[in-house]
Amino acid sequence: MASLREIKGRIGSTKKMSQLTSAMHMVANSKLSRAEQNSKKFQPYMDKIQETVRAIAAGDTESSHPMLEERPIKRTGYIIISSDTGKAGPYNNNVVKAITEEAEKRHDNNPDSYDLFVLGKIGYETLTGRGYQVTNHRLGLPDQPDFASVKEIAVQSVNGFINEDIDELYIIYNKFVNILEQQVTVRKVLPLTETDIQTEQADSALAGYEFEPDKETILETILPQYAESLIYGALLDAKASEHAARMTAMKAATDNATELVGDLQLQYNRLRQAAITQEITEIVGGAAALE
């Protein structure tokens, strides 16, 4: 059985851990608020560029671009968004599990049939540690990322599709639903599907645009930007999910530490009471022996 000194030491260390996790919970809460604001601020731009792409691509069946064309799948690209630090519950494990399942089911674990573009230290170290070949990676992402944070990998992956180095592009990340729920999402980015570019309002939207010099030239410029904005938007969503997951994990850790302190304090009090009772018994016994 542990001594009073040992239990007291455990109580002190657990209280310090509780203070640390509580502080991390508050920091994650603050970062989550900013991340949600960043995602909401980016949404109007995303909606507008999507409307423009739909207007051009859906309004003229003669317009074509490699990013709109399906082709036989020989090689697939995956952008995996993870975090650079841990203490975020199952956040990173869920993403790694999703890509490993994709590699097994769709590619029979053949590294020659897919490319991995990894964002975040945890995902990169986990995948390379398991023997996966990473085509490119980006570590040290800021908590509130700008487009420059993901530009290199976004441009490389999109150009890889245009140049037919890969025949389809997916992004795997945790989609932010709410503070308590982050949903692992495998989203197809390229080629753009009919759902991405066609709506019932396409013809009416087209009427509000004038194209100069022509639609083909505009598509050459705007479609890569649209695909890159999808990647950046997913990164903003993933960052909100990361902060929410860390906030939830640290709240649970703080609650568990508080509960453990209570149990240890009860155990300490019982042992102390037993020690006091024993001392009193010994004193009474000694006094009785002297009489």
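Every number here is computed from the coordinates shown, using simple stated rules; none is lab data. Values in this document were obtained by computation on a predicted structure and should not be read as measured data. Positions of Cβ are generated from backbone atoms using ideal geometry, with glycine treated the same way; all protein chains shown enter the neighbour counts.
Packing around the peptides 214-222, 277-285, 156-164, 92-100, taken as the average count of other Cβ atoms within 10 Å per residue, puts them in this order, highest first: 92-100, 156-164, 214-222, 277-285. A Förster radius of 25 Å combined with the Cβ-Cβ distance from Asp214 to Glu69 puts the calculated FRET efficiency at roughly 0.85.
Taking Cα atoms only, the orientation of helix 91-107 departs from the longest principal axis of the chain by about 50 degrees.
Distances longer than 17 Å among the Cα atoms of the range 110-180: what percent of all pairs is that? Of the Cα pairs, 51 percent sit more than 17 Å apart. Computed from Cα positions, the angle between helix 215-290 and the longest principal axis of the chain comes to roughly 10 degrees. With respect to the chain, whose longest principal axis is taken over its alpha-carbon atoms, helix 151-162 is tilted by about 40°. The dipole here belongs to the range 25-247: it is taken about the Cα centre, uses +1 on the Cβ of Lys and Arg and -1 on the Cβ of Asp and Glu, and is about 1380 debye. Farthest toward the positive end of the dipole of the chain, out of Pro213, Ser30, Gln133, is the Cα of Ser30, where the dipole comes from beta carbon charges about the Cα centre. Between Asp146 and Gln43, the FRET efficiency estimated from the beta carbon spacing at R0 = 22 angstrom works out to 0.90. Cross-link pairs exceeding 22 Å between alpha carbons, from the set Lys48/Lys74; Lys48/Lys121; Lys16/Lys97; Lys74/Lys239; Lys41/Lys239; Lys16/Lys121: Lys48/Lys74; Lys48/Lys121; Lys16/Lys97; Lys74/Lys239; Lys16/Lys121. Shown for the chain is the translational diffusion coefficient from the Stokes-Einstein equation, using the Kirkwood radius over Cα pairs, a temperature of 37 °C and a viscosity of 0.692 mPa s: 145 µm²/s. Computed from backbone phi, the HN-Hα couplings of the range 132-141 come to 7, 8, 9, 5, 8, 8, 9, 10, x, 5 Hz, rounded to whole numbers (Karplus: 6.51 cos²θ - 1.76 cosθ + 1.60, θ = phi - 60°; Gly and Pro given as x).
So what is the 222 nm mean residue ellipticity for the chain from helices alone, if each DSSP H run of at least 4 adds -39500 (n - 2.57) and you divide by all residues, rounding to the nearest 500 deg cm²/dmol?
Helices in the chain give a 222 nm mean residue ellipticity of -22000 deg cm²/dmol.
Amide H to amide H distances under 5 Å link Tyr114 with Thr76, where only residues 5 or more positions off or on other chains count and H is placed in the peptide plane.
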